[in-house]
Amino acid sequence: MAAFTVAQIVDLWDAWDGIPEVSRLQWFHLAYERHYQEQVLNEVEDHLASLEGGSGTVNRTDRSRALAQVVCCIDDREESLRRHLEAVDADVETYAAAGFFGVAMAYQGLGQREAFPLCPPVVTPRHKVREGLAAGGRGSRGLASVRVPSLGRAKSSHTLVRGALVALAGAAALAPMSAGVLAPRWRARWSPTRGPREVTRLALLRTSDEQEDGLALGFSHEEMADIVRGLLAPMGIVPRLAKLVLILGHSSHSENNPQAAAYNCGACAGGHGGPNARAFAQMANAPEVRVLLLEQHGVRIPDDTWFVGGNHDTADEEIVLSDLDLLPETHREPLARLVASLDQARIRDAEERCRTFATGVGKKGIAALRHVQARAEDLAQPRPELGHARSAVCVVGRRSWTRGLDLDRRAFLVSYDPSAEEGDLLLRLLSAVIPVCSDISFDYYFSFVDPQRYGAGSKLPHNLTGMLGVMDGHASDLRTGLPWQAVEAHEPMRLLFLVETTPAAMMATMDRNPAIAQVVQNEWVHLALVHPTERTIHVFRHGRFERRAPALARAVAS
Amino acid sequence: MNFTPTMVFGVAVLAIPAAAFVLLAALTALPGRREERTVVRLATGALWLSLLASVATVVSAWEPLTHGGLSVPLGAWFSVPGYSLQSVLLLDLPGAVFMMLTTSLIILVSVYSGRYLHREPGFARFFLLLLLFAVGMLAIAAGGSLDIVFGGWELVGLSSALLIAFFHRREAPVRHGLRAFAVYRACDVGFLAGVVLFHELVHTSVFAEAFPQLSVERSPLAVNGIALLFVVAAMGKSAMLPFTGWLPRAMEGPTPSSAIFYGALSIHAGPFLLLRLAPLLEAAPVARAVIVGTGAITALHATTVGRAQTDIKSKLAYASVAQVSLIWVELGLGLHTLALVHIVGHATLRTWELLRAPSYLRDWRLRQEVQRQHTYAGVGPARSRFPLAVRDALYRVTLERWYLDELATAVVSRVASALRALDHLDRKASTLLDGPSIDRASAEQARVVGDEEVNRGVS
């Protein structure tokens, strides 16, 4: 444009003025999206190039066995944890799969009255799993692990006579209120739920044909084998299973937040991923299941591989590992090393997150961890964590070519090994991943773009109503969608899917799944492909895949 | 006038938040951005100092305070030949308790809001209004003459209404803020009339001077009349029947402001006024009967209507009203200590509940698990005792809040249409006599011009 004459610029300006406003806004938006895509694709290309050259980032494509492997959820918040874990400990590999880990169950925790489904909303669980006290545990039903309502939370303060009695003693509420407002982290330490937990076990194995509410109690060994294979095969992890494999679900905990489920695991329909991880680990450790896997599916799990289930709290960076009392002696040392690495990684994760918080900027080390813990415990904090805000890209492929790439907590990462292709692995994976990730992206997109109609507006006037939703103030429409405090950090762009496969395979997948085809061809999402062997990038534009021209793209971006 | 430490501390309690208000207002008026941290530190710092000052006041005047109260004269604030209006601080036990309750709760809400309102437009405005409210409540708590109490009373009403209308870009908060303000002002007619007649009766509005005079036999009509006027004023602030309609609608403001005003302090300003005027009420049995009656019927209203509410803030609003009406009954019966304990406990509890209102869903779920209940109870014990038709009728009546809103609308609309009819007659008469009014012609012209500007395309 610097070469244009004045007359040409005036012509351009007049032409621009003549274009209807909607088109102009659309072009600006396309440019906004393109700006990010060029940036991210350039980074990916640079990273790929550095891998070829053998320079730069640490790469674990060598054949030595890893110390431990961690399987996380595909959530974009786990991207930074995985990155930091790999940076802290070069002998740890990370993978990702949908956070329910294939275990579609209705889960009834200790002390809970009902079982809640922990699987994607489109899946109907057909199994029920209960958590019970381990043999030799206390006789009570673990009510101590459930927070008992205390002063200020009981319904009795609403009535007249009982309310009067409660109100006369109401000055006692000054203590928890002062602690809760002035020192939230300190108050959380004295909270009853943070005490030592009882030893529990999952009743995972189906022992009879008994059914409860139409759900079978537990899984049979065949079903367990199916689930284990369904998760491990597409990731390409089976040939290189380490001694210790950690399955890490995730959840989030916040106070005074009616929309807390939005921060939990989307693959578990807004629930916690911890029980699923624990169930999977128990399944994969069962000798009968391993025998079935070998005989019927040809999947060989080494005898010395042990699976551990755990949960990562994305709000306060707490990582809890389950069933450690079942861990064999031989694995204590690798576990200790993994735990130390996880500890370091979560502190770095907290540091990275603190950069995005106005009151947390500049905090390092333990101070950063304490800051995010305080945010999670704080009643008065409308932004305990950012959730999926800023999510922009979904990478489906091997970790080998994204390891070391800093995607700034903006990427959903899905582990997929193109060389493990048998049948329709890619189809099944994308049939799950594309709807889930694009739905999350649209949730944030529309709540940002129109907070009044699609989003829930500011949290401040929200009033819980009907025990099922929130409205503004005294009376208003139900406010659905995400609150402004949750989306204001978001950049509204359509999600970019970056899949490691060939254009031919992708077109075949789209032909076989019309839903994916519709979403891609109608430009609800952007799609780019990384060729598994040639390492070229193809972008889906105007109904076909175009090879990305690196040099031109670089010139345009700079 | 000698400056005793008590006087200095006492004035400081009020002056520090007032000075912070002025400073913050000046900061807000300056161009450029203010850091949120500055605003919060200024407001919270001033309130902490005010709390310290109130503790110091109480400590320095412990002896006289616990034995009947201490009156601290500060000079005349308005005088004409033959009469002067004195500004006085009254420090007694109820006042000291209320003062410290006020500052502690406002400090907690202010710290809470500093985080909760982060990045919200109107951040500084919230703290300005909170400081104004603090000054008003402290004036009510420590005021030694009806004039100062009235000044505080008005400030509390103004800041309440402005905080209800905090989200002033939406229609509902503004409408409900106006409604609350209208009720306050209507009832403040009672306060003002009461003050004037009080002056007439005892020739002073200073409590320490006035109350000894009331023990003398006086015309029961005068004393009861004045007491009833103050009762009307207190009814408006405390949302007693028939003025209850504004309170659930007042939950339009941000959660912390709802907590501090309608859980904690503003709603207790009414009972506190009655507590202050206890000697007057002792001489006015009719007023006391009205207090007890109003309290009783409002308690019935609030506890039944509260059960039919479907959202948590309305439920808590009615629970508040129920307890405040019990406090009224206690005051009417002369149980002052009980009433004070009730005020302190209820204010603290309700603030805590309102601050935690968004957690209600999760707490309810947990309660279900522990208590093994599955369904949410409807209308209370009446459900099991009354037949279906009666229960349904009861539910309908309580859901419609005893049809008070319809009643109010009918009354107000009748009055408004009567006034409009009078206005119409007036215009017709003046047109007949003077020709078309200039005002109307120029107003029409201005409107036409305005429309043209709009049509030219303001994009």
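We did not get these values from a lab; they are worked out from the coordinates using the rules stated. Quick caveat: nothing in here was measured; it's all calculated off a predicted structure. Backbone-built Cβ (ideal geometry, glycine too); neighbour counts: all protein chains shown.
Under the combined filter of DSSP loop state and at most 15 neighbouring Cβ atoms within 10 Å, the stretch B:196-255 retains these GluC sites (Glu not before Pro): B:GLU217.
Think of each Lys and Arg Cβ as +1 and each Asp and Glu Cβ as -1; about the Cα centre, that makes the dipole of chain B roughly 1620 debye.
A Stokes-Einstein calculation at 4 °C with viscosity 1.567 mPa s, built on the Kirkwood radius of chain A over Cα pairs, returns a diffusion coefficient of 50 µm²/s.
Please give the charge dipole size of the protein assembly as shown, origin at the Cα centre, charges +1 on K and R Cβ atoms and -1 on D and E Cβ atoms. Round to the nearest 20 debye.
Working: 98 positive and 98 negative charges, 376 e Å.
So the dipole magnitude of the protein assembly as shown works out to roughly 1800 debye.
According to the square roots a ≥ b ≥ c of the eigenvalues of the Cα gyration tensor, what is the shape class of the stretch A:207-304, taking rounded for a/c under 1.5, prolate for a/b larger than b/c otherwise, and oblate for the remainder? Walk me through the numbers on the way to the answer.
On the way: a/c = 2.78, a/b = 1.46, b/c = 1.91.
The shape class here is oblate.
Taking the square roots of five times each eigenvalue of the Cα gyration tensor of the stretch B:145-299, the equivalent ellipsoid has semi-axes of 31, 15, 12 Å, listed largest first.
Taking each pair of different alpha-carbon atoms in the stretch A:348-452 once, compute 1/r for the pair, average those values, and report the inverse of that mean as the Kirkwood hydrodynamic radius in Å to one decimal. Display every interim value, and only then the final one.
Numbers: mean 1/r = 0.0613 Å⁻¹.
Result for the stretch A:348-452 stands at 16.3 Å.
The calculated Kirkwood hydrodynamic radius for the stretch A:423-558 is 17.4 Å, given to one decimal from all distinct C-alpha pairs. Averaged over peptide B:251-257, the number of partner chain Cβ atoms lying within 10 Å of each residue's Cβ comes to 5. Of the trypsin sites (Lys or Arg not before Pro) found in the stretch B:97-131, those that fall in a DSSP loop while having at most 14 other beta-carbon atoms within 10 Å are B:ARG119. Pairwise Cα distances in the stretch B:196-271 exceed 19 Å in 50 percent of cases.
Shape of the stretch B:1-100 from the C-alpha gyration tensor: oblate (a/c of 1.5 or more and a/b not above b/c, with a ≥ b ≥ c the square roots of its eigenvalues).
So how much slack lies between A:MET507 and A:ALA171, counting 0.36 nm per residue of separation and subtracting their Cα-Cα distance, in nm? Show your work: numbers first, answer last.
Details: separation 336, 0.36 × 336 = 120.96 nm, distance 6.81 nm.
This chain segment gains 114.1 nm when fully extended.
With the alpha-carbon atoms of the protein assembly as shown aligned to their principal axes, the span from lowest to highest coordinate is 105, 88, 66 Å, starting with the largest. The ranking of B:THR244, A:THR305, B:THR6, B:THR102 from fewest to most other beta carbons within 10 Å of each one's beta carbon is A:THR305, B:THR6, B:THR244, B:THR102.
Using only the Cα atoms of the stretch B:95-172, construct the convex hull and provide its projected area averaged over every direction, in square nanometres to one decimal. Intermediate results must be reported in sequence, preceding the final value.
On the way: hull surface 21.8 nm².
Computed as one quarter of the Cα hull surface, the answer is 5.5 nm².
If you sort the three axes of the alpha carbon gyration tensor as a ≥ b ≥ c, you get a/c under 1.5 for chain B, which makes it rounded.
Could you give me D for the stretch A:427-504, from Stokes-Einstein at 37 °C and 0.692 mPa s, where the hydrodynamic radius is the Kirkwood radius over C-alpha pairs? Units µm² s⁻¹, please. Walk me through the numbers on the way to the answer.
Details: Rh = 14.2 Å.
D, rounded to a whole number, is 230 µm²/s.
A helix-only calculation puts the protein assembly as shown at -17500 deg cm²/dmol for mean residue ellipticity at 222 nm, using -39500 (n - 2.57) for each DSSP H run of at least four residues, averaged over all residues.
The aspartates and glutamates whose alpha-carbon is closer than 19 Å to the alpha-carbon of B:LYS237, local same-chain residues fewer than 8 away aside, are B:ASP147, B:GLU154, B:ASP188, B:GLU252, B:GLU330, B:ASP405.
When chain A is described by a simple charge dipole with +1 on each Lys and Arg Cβ and -1 on each Asp and Glu Cβ, the residue from A:THR501, A:VAL414, A:VAL520 located farthest towards its positive end is A:VAL414. Computed on chain A, with alpha-carbon pairs under 8 angstrom and 6+ residues apart, the relative contact order is 15 percent.
Exposure proxy ranking for A:PHE540, A:PHE100, B:PHE126, based on other Cβ atoms within 10 angstrom of each Cβ and starting from the fewest, stands as A:PHE540, B:PHE126, A:PHE100. When chain B is described by a simple charge dipole with +1 on each Lys and Arg Cβ and -1 on each Asp and Glu Cβ, the residue from B:VAL341, B:PHE150, B:PHE230 located farthest towards its positive end is B:VAL341. If R0 equals 25 Å, the separation of the Cβ atoms of B:LEU197 and B:ALA410 corresponds to a calculated FRET efficiency of about 0.20. Of A:CYS268, B:CYS187, the sequence from fewest to most neighbouring Cβ atoms within 10 angstrom is B:CYS187, A:CYS268.
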